[in-house]
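Taking it in order: structure first as structure tokens, then the write-up.
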Amino acid sequence: MARRRGISVPTPSRFSLEFGRLLRTVLILVAVLVIVLGGFSAFLTYRVVTTLNDTETVTPLSSFQSNYISLDFTDREGGEHEGWLLMGLKGAPAIILCHGYNSNRSELLALGSLLRQNHFNVYLFNFHGPKVRRFYSDLGLEQANDLLAAIGKVTAQEGVNAHRVGVYGVSTGAYAALVAAEQSPLVKALVADTVFDDPGQMLESQVDQLLGGSSTLFRMLPIEGYRLATIGKKAPPVRERLPKLAGIPKLFISGKDSPLLARSTENLYAEAPPPKRLLVLDHSYATLASGSVRKEYEDQVLSFFLQNLPLRAD
């Protein structure tokens, strides 16, 4: 009886075995790298949007001011925002001061006191706090709505001009001020210090600060994380709406200590309709130390409002 030959199975070559091991190793390393980069970028995004400073270093009482009232308002989500209304000349317009990223209303009290001493009504409020129903910052999107609610609350107060307000803001507060000025006909003068037209720019700037330098990769990944965290929220078309600010006096302040946001501020200034003015400084208000430089900054802001928001002009 003839014997059948077995079917021969080719033995993998040494090269193909080594190539397979190398490919698996590379895939594992790539997967680990993706996980590490993804985790680190998620941490950066979380760090930026949850950094909130609620410690108020000064209050009107501690700075020996008596002519003020506590004035809170409710945002559209039902959260309550704490505010101080510094009372100026009866019937004078109000100037609403919007603090910046990782800050609170007390940071602007010195500027507010100077404006009140020159007879403006001045309102300072917190974007965040124990009664606000949000646990992270979307870097300006909801802050703009908060400011619109604040404008409605302040102009309803007795002794405050109901038809004209000025708004001032730093970084995220400046973005809120710019958006509100484009939407509210009550805003008659605007000061925007270190402003941007897309909250993603603010995120990139903070990521650069956390890393101690610019990194395209570590900007890109947190931006995607931010977009996921704010899904369903649409940023208003700030640049497209700039023509709405025609005829409204505007002061743009560009701080060189934040190059990315300085470029954004100067670009917005270039595209904004007149009347407008650009002030380029070494530092924005958020990073100014107390002293003569800060006093000069505050005097510039005061001069702008005195020239462009008359106390009696109705």
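Out of Val160, Val132, Val170, I need the residue that is under 13 Å from the mean Cα position of the chain (by Cα), farther than 18 Å from Pro236 by Cβ and among the hydrophobic types (A, V, I, L, M, F, W, C). Which one?
After applying the criteria, what remains is Val170.
So Ile231 fits all but one of (1) modelled with pLDDT of 95 or more; (2) surrounded by fewer than 24 Cβ atoms within 10 Å (Cβ to Cβ); (3) assigned to a loop (DSSP other than H, G, I, E, B); what number is the exception?
(1)
Tell me, which residue of the stretch 111-124 that is touching a residue at least 60 places away in the same chain (Cβ under 8 Å) and not in a loop (DSSP other than H, G, I, E, B) is surrounded by the fewest Cβ atoms within 10 Å (Cβ to Cβ)?
Among them, the one singled out is Leu114.
Can you confirm whether Glu107 is within 21 Å of Val187 (Cβ to Cβ), charged (D, E, K, R) and within 17 Å of the chain's Cα centre (by Cα)? Don't jump to the end; show me each part of the working.
Numbers: within 21 Å of Val187 (Cβ to Cβ): no; charged (D, E, K, R): yes; within 17 Å of the chain's Cα centre (by Cα): yes.
Considered against the rule, which asks whether it is within 21 Å of Val187 (Cβ to Cβ), charged (D, E, K, R) and within 17 Å of the chain's Cα centre (by Cα), Glu107 comes out as no.
Residue-wise test of (1) in contact (Cβ under 8 Å) with a residue 60 or more places away in the chain; (2) polar (S, T, N, Q); (3) assigned to a helix (DSSP H, G or I); (4) touching a helix residue (DSSP H, G or I) at 6+ places or on another chain (Cβ under 7 Å).
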position	(1), (2), (3), (4)
Asn145	yes, yes, yes, no
Val154	yes, no, yes, no
Asn161	yes, yes, no, no
Gly166	yes, no, no, yes
Leu178	yes, no, yes, no
Glu182	yes, no, yes, yes
Leu190	yes, no, no, yes
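What number goes with the only condition from (1) touching a strand residue (DSSP E or B) at 6+ places or on another chain (Cβ under 8 Å); (2) at pLDDT 85 or above that Gln65 does not pass?
(2)
Are any of the residues in the stretch 296-307 in a loop (DSSP other than H, G, I, E, B) and charged (D, E, K, R)?
No, every residue in the stretch 296-307 fails to be in a loop (DSSP other than H, G, I, E, B) and charged (D, E, K, R).
Can you confirm whether the stretch 261-273 contains a residue that is aromatic (Phe, Trp, Tyr) and closer than 28 Å to Pro310 by Cα?
Just the residues of the stretch 261-273 that are aromatic (Phe, Trp, Tyr), to begin with: 269.
Next cut, closer than 28 Å to Pro310 by Cα only: 269.
Taking every residue of the stretch 261-273 in turn, at least one turns out to be aromatic (Phe, Trp, Tyr) and closer than 28 Å to Pro310 by Cα.
Just to be sure I understand the filter: pairs with C-beta atoms under 7 Å, separated by 6 or more residues or on different chains, first member in the stretch 226-252 and under 13 Å from Ala189 (Cα atoms), second member modelled with pLDDT of 95 or more and aromatic (Phe, Trp, Tyr). Which pairs pass?
Pairs that qualify, where the first residue is under 13 Å from Ala189 (Cα atoms) and the partner is modelled with pLDDT of 95 or more and aromatic (Phe, Trp, Tyr), are Leu251/Phe304; Phe252/Tyr269.
Out of Ala177, Ala149, report the one residue that is closer than 11 Å to Leu190 by Cβ and modelled with pLDDT of 95 or more.
Ala177
Would you point out which residue out of Asp197, Asp257 is in a loop (DSSP other than H, G, I, E, B), surrounded by 14 or more Cβ atoms within 10 Å (Cβ to Cβ) and modelled with pLDDT under 90?
Asp257
Looking at Leu278, Leu306, which one is aliphatic (A, V, I, L, M), more than 19 Å from Glu107 (Cα to Cα) and in contact with a strand residue (DSSP E or B) (Cβ under 8 Å, 6 or more places away or on another chain)? Outline the logic, then answer.
Values: Leu306 fails: in contact with a strand residue (DSSP E or B) (Cβ under 8 Å, 6 or more places away or on another chain).
Checking each option against the conditions leaves just Leu278.
The values are calculated or read from the model by the stated rules, or taken from the named source; none is laboratory data. Since we're looking at a predicted model, the values are computed, not measured. Note: ideal-geometry Cβ built from the backbone for every residue, glycine included; neighbour counts use all protein chains shown.
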